[in-house]
1. Out of the residues in the stretch 228-240 that are open to solvent by 40 Å² or more (accessible area, probe 1.4 Å) and either part of a loop (DSSP other than H, G, I, E, B) or of a type outside the set (Asp, Glu) (or both), which is modelled with the lowest pLDDT?
2. Hey, could you check the stretch 56-74 for residues that are surrounded by 14 or more Cβ atoms within 10 Å (Cβ to Cβ) and assigned to a helix (DSSP H, G or I) and say which is modelled with the lowest pLDDT?
3. Report, ordered by the first and then the second residue, all pairs with beta carbons closer than 6 Å, sequence separation of six or more or different chains, a first member in the stretch 83-106 that is within 14 Å of PRO155 (Cα to Cα), and a second member that is modelled with pLDDT of 90 or more and buried (at least 17 other Cβ atoms within 10 Å of the Cβ).
4. Do we have any residue at all in the stretch 35-42 that's in contact (Cβ under 8 Å) with a residue 24 or more places away in the chain and outside any loop (DSSP other than H, G, I, E, B)?
5. Any idea how many residues of the stretch 16-33 are surrounded by 11 or more Cβ atoms within 10 Å (Cβ to Cβ) and among the hydrophobic types (A, V, I, L, M, F, W, C)?
6. For the stretch 113-133, what are the residues that are open to solvent by 10 Å² or more (accessible area, probe 1.4 Å), in contact with a strand residue (DSSP E or B) (Cβ under 9 Å, 6 or more places away or on another chain) and among the aliphatic types (A, V, I, L, M)?
7. Can you give me the number of residues within the stretch 86-121 that are more than 18 Å from LEU134 (Cα to Cα) and at pLDDT 90 or above?
Amino acid sequence: GNTIHASRAVEDLLMLVEAYRRQYPEPGPELAGLLNEIDLDFLQHDLPQLLNSLRTGSDRIHKIVQSLRNFARLDESDRKLANIQQGIDNALLLLRHQLGRREGRPLIEVILDCQPLPMIECYPGSLNQVFLNLLANAIESFDDLPTEHFANRPPRIVVATRCFEDWVELSIADNGPGMDDGTIHRAFEPFFTTKPIGSGTGLGLAIAYQITVGQHGGRIDCRSVPGEGCEIAIALPIWQSK
């Protein structure tokens, strides 16, 4: 909160220093040595940018903390009406650093194809975990691909939402390596994973299945073509049965 006040104070001080320089353009030897030592010209240029960077970083921290608070929903463990689009947005923000460029892999593009959704009756905290697991799974699908794979096929994730009469649907599709029929058949089994031992728990999709189907009475499907990518789609009822 103090970065705003600090920026204003620094602006005033720099304005005062500049006024002194115009009033006394020929400083004495001692002052000239100090000005040279601290590189005043550089300081006047760099300090406002430094403060602006601090403010930008503070804003990002604020948004991340707010997203963590919204995502955890520790005070909303009961069934209630919620805006699941907010949960999707918060999950994307929390995973933002994983979407960035890495060695051997370019930036992952995220395309949002989202229709307006109504509030739905659900367990918000549980659904947030589903969104996080599905998005993290899509991101990790690019990890083991060779660098040359991305030459003509930049990594991309498409998040789409649709609303029907009594249901809402969310799909998360990637253009990663995809899965064969055998893997799709076992995708939602607890502890099943195609990753090397120690690299994954095999619980992400199993938890998503349990929350979507078992807790919310919804559906979850996996569609994939090897070499073309994978799409996970979940359908949720707008109203839970009593």
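1. Among those residues, the one meeting the criterion is GLU228.
2. By that ranking, first place goes to PHE71.
3. Here the result reads GLN98/ILE139; LEU99/ILE108; ARG105/PHE142, each pair linking the stretch 83-106 to a residue that is modelled with pLDDT of 90 or more and buried (at least 17 other Cβ atoms within 10 Å of the Cβ).
4. no
5. 3
6. LEU117, MET119
7. Initial filter on the stretch 86-121 (more than 18 Å from LEU134 (Cα to Cα)): 101-107, 115-121.
Those left that are additionally at pLDDT 90 or above: 106-107, 115-121.
Within the stretch 86-121, residues that are more than 18 Å from LEU134 (Cα to Cα) and at pLDDT 90 or above number 9.
Residue by residue, here is whether (1) in contact with a strand residue (DSSP E or B) (Cβ under 9 Å, 6 or more places away or on another chain); (2) open to solvent by 20 Å² or more (accessible area, probe 1.4 Å); (3) assigned to a helix (DSSP H, G or I) holds:
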residue: GLN98; (1), (2), (3): no, yes, yes
residue: ILE139; (1), (2), (3): yes, no, yes
residue: VAL158; (1), (2), (3): yes, yes, no
residue: GLY178; (1), (2), (3): yes, yes, no
residue: ILE184; (1), (2), (3): yes, yes, yes
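The values are calculated or read from the model by the stated rules, or taken from the named source; none is laboratory data. The structure presented is a predicted model; accordingly, all values stated were derived computationally and were not measured. A quick note on method: Cβ atoms are made from the backbone with ideal geometry, for glycine too, and the neighbour counts reach across all protein chains shown. Heads up: the accessible areas ignore ligands, DNA and RNA and are worked out on the full protein's heavy atoms, side chains in. Shrake-Rupley method; radii C 1.70, N 1.55, O 1.52, S 1.80 Å.
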